[in-house]
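The values are calculated or read from the model by the stated rules, or taken from the named source; none is laboratory data. Given the structure is predicted, the values throughout are model-derived calculations rather than measurements. Backbone-built Cβ (ideal geometry, glycine too); neighbour counts: all protein chains shown.
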Amino acid sequence: MPRRPAQDTYTAVDAFVEATLFAAPDEALDAALAATTAAGMPEIQVSTPQARLLEILCRTVNARRILEFGTLGGYSTIAMARTLPPDGLLTTLEFDADHAEVAWDNIERAGLADMVDLRVGAALETLPLLASEGAGNFDFVFIDADKANTPAYFAWALDHTRPGGLVMADNVIRGGSIIDPEGDEGAAAQRVFHEYLAEEERVTATTIQTVGSKGYDGFTLAFVNE
Ligand code: SAH
Ligand code: DHB
Ligand code: MG
């Protein structure tokens, strides 16, 4: 066993997990990934095991209302929206109209068009509109858009998530840059995010470092106190 495993090992272990736990084809996710890659979009969607974690968390909180920041090709969107009951709704926010177009095709192909509300625009501009429409009472929120705005997205999410719900933020570690952001605005924002979380009494939060096919990163998971 390697004592100091590196990226090749992380990738190989994810490949092992995919070949075992995820050996069965998953038509909707496989097709979404293929279409996203074919469109030349960045391959930064959650990994297959991470998508399963999102599914498990949504099921754990019996999610009926889900909010996502950052749709890309709809990979994580599909993983979460599939857990919804018939009257459920996932709202997903995407800045890039080209990404949104590919995502919407993928969501439709997955048979989830009725469960997903995809809003194109900068999330910070869409949020006031959602608020004016009475959006809220979310059970699960996944923050995975532009990293510099993670603290702002979290603050809004917390105000609109029910007690007992969960808010998850992806990419908070980014190769360890959180401890030394230098000129990286996204990394600096993760420090601000943690300093803010430390003072926020409405949540019980932790940050877990991860390795895998997407490198060394991590996520923050916050439980909204009841
Ligand atoms: N959640 C997706 C990956 C999202 S990648 C998955 O795991 O499948 C990040 C996405 O956030 C990109 O598509 C990018 O265009 C989008 N994004 C960037 N800035 C944004 C903003 N200000 N508002 C909303 N989305 C934004
Ligand atoms: C990037 C964004 C992500 O959401 C992610 O999980 C990995 C990388 C990026 O913008 O590079
Ligand atoms: Mg991410």
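Structure summary
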| quantity | calculated |
| --- | --- |
| Members of the stretch 160-188 found to be among the hydrophobic types (A, V, I, L, M, F, W, C) and more than 13 Å from ligand 2 (Cβ to nearest atom), listed by number | Leu166, Val167, Ile178, Ile179, Ala188 |
| Checklist (1) modelled with pLDDT of 95 or more; (2) among the hydrophobic types (A, V, I, L, M, F, W, C); (3) part of a loop (DSSP other than H, G, I, E, B) applied to Met1, failing item | (1) |
| Lone unmet requirement of (1) surrounded by fewer than 13 Cβ atoms within 10 Å (Cβ to Cβ); (2) at pLDDT 95 or above; (3) in contact with a strand residue (DSSP E or B) (Cβ under 9 Å, 6 or more places away or on another chain) for Thr20 | (3) |
| Residue identified as within 11 Å of ligand 1 (Cβ to nearest atom), touching a residue at least 12 places away in the same chain (Cβ under 8 Å), under 29 Å from Leu21 (Cβ atoms) and in a loop (DSSP other than H, G, I, E, B) among Leu54, Leu84, Leu72 | Leu72 |
| Residue under evaluation Asp159, criteria (1) within 21 Å of Asn225 (Cβ to Cβ); (2) in contact (Cβ under 8 Å) with a residue 40 or more places away in the chain, criterion not met | (2) |
| Every pair of residues 6+ apart whose Cβ atoms lie under 7 Å, when the first sits in the stretch 165-184 and is free of Cβ contacts under 8 Å to residues at least 24 places away in the same chain and closer than 24 Å to Val141 by Cβ while the second is of a type outside the set (A, V, I, L, M) and not in a helix (DSSP H, G or I) | Ser177/Asp184 |
| Condition broken by Asp105, with the remaining ones in (1) more than 15 Å from the chain's Cα centre (by Cα); (2) touching a residue at least 12 places away in the same chain (Cβ under 8 Å); (3) more than 15 Å from ligand 2 (Cβ to nearest atom); (4) outside any helix (DSSP H, G or I) satisfied | (4) |
